């Protein structure tokens, strides 16, 4: 089969590789129909993820059809169409029993990290019964791919951890795919206003089309002053950080209202100053989280009901064999106006 293989920082190739085989009775082999590229994959290509070794097939998102199952797999059979979760769950360890699948002692984020991933023609999925989902009949395939990772991530790490309630004021710092996924799923809870903050006018324009009530371009205006003006000096009930740099987290600290929540989604590679001299008396809740994908069944039902349209984030399509071109497009998003690229097997 063909697969995208990592060979060290900045080195990747679309090359021939041995097709995966069943290793454990709980495994399934999935033929990839569609996959995508995540910002985390770009971090890997920069050498930021030490657990990814030379020779690893990248990718942790996608949909496909069951090609083969181990003897212990009960819920899936050959030919069925499935959604692949970015998080692998054994379903039986202490973390899984708490719903913290990301900390599964046998799984977690392993696809495209510590085992071969989905940017290939075939992928092996451990613990198939608890790490795959049946694809709803007739569901938009692009939408399904978005439910592998970014929508559960934006919803769980941003919206749920931000404890958004009807009538709340929400600020989302970062209008990339994850921030926009948080925007779309925050509307489940009917906030009174959603302020989207970014440096890119094109993404802010898209955010307005998705339901943002206000936008702030930090390249042109003082974001803290603008948010305070929009909220009558009070600040926001939920500040969602969706970038992953110190400047954006500190902005969340400066715009959150008393009693509010700072919900971190961004991946941080450096320290951030926590301004306790301002926050100590303000009843602030700060949350961190790695996506657990516990909300995937609910998101699938919302998709089926027509209440969620994840496919709106897809801007580019490529054939799977064009994946190197797709990486170039995704990594130059400012110039290409890319949000999510979908690769078709």
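So if each residue of separation counts as 0.36 nm, and I subtract the Cα-Cα distance between residue 201 and residue 21, what length gain in nm does that give?
Numbers: separation 180, 0.36 × 180 = 64.80 nm, distance 4.66 nm.
Taking 0.36 nm per residue and subtracting the Cα distance, the gain is 60.1 nm.
Report for segment 247-345 the percent antiparallel among DSSP-assigned beta bridges with both residues inside it, nearest 5. All intermediate terms of the calculation are to be shown ahead of the outcome.
Details: 0 of 8 bridges.
Bridges in segment 247-345 that DSSP calls antiparallel: roughly 0 percent.
How far is it, in nm, from the label point at residue 75 to the one at residue 141 when both lie 7 Å from their Cα along the line to the Cβ?
Between residue 75 and residue 141, the label points sit 2.3 nm apart.
Rounded to the nearest 0.05, what FRET efficiency do residue 65 and residue 94 have when you use their Cβ-Cβ distance and R0 = 41 Å?
Values: r = 33 Å, r/R0 = 0.81.
Computed FRET efficiency for residue 65 and residue 94 comes out at 0.80.
Can you tell which of 202, 253, 241 shows the greatest fluctuation in a Gaussian network model of the chain with Cα springs below 10 Å?
202
Here are some values of Cα Rg over 2.2 N^0.38 Å: (1) 1.29; (2) 1.04; (3) 0.99. Which one was computed from this structure?
The value matching this structure is (3).
Per DSSP helix of 4 or more residues, -39500 (n - 2.57); summed, then divided by the residues of the chain. What does that give at 222 nm, rounded to the nearest 500?
Calculated from helices alone, the mean residue ellipticity at 222 nm is -6500 deg cm²/dmol.
Cut-off is 10 Å between beta-carbons; in what order do 302, 209, 192, 89 appear when sorted fewest neighbours first?
Working: 302 19, 209 8, 192 11, 89 26.
Taking fewest neighbouring Cβ atoms as first place, the list is 209, 192, 302, 89.
What fraction of the DSSP beta bridges in the chain is antiparallel, stated in percent and rounded to the nearest 5? Walk me through the numbers before you get to the answer.
Details: 28 of 55 bridges.
Taking every DSSP beta bridge within the chain, about 50 percent pair in antiparallel fashion.
Need the full-extension length gain, residue 247 to residue 276, defined as separation in residues times 0.36 nm minus the C-alpha distance. One decimal, nm.
Values: separation 29, 0.36 × 29 = 10.44 nm, distance 1.60 nm.
That works out to 8.8 nm of additional length.
Any read-out appearing in this document is the output of simple, stated calculations on the displayed coordinates, not a laboratory observation. All values derive from a computational prediction rather than experimental measurement. No Cβ is skipped: glycine too gets one built from the backbone with ideal geometry, and neighbour counts run over all protein chains shown.
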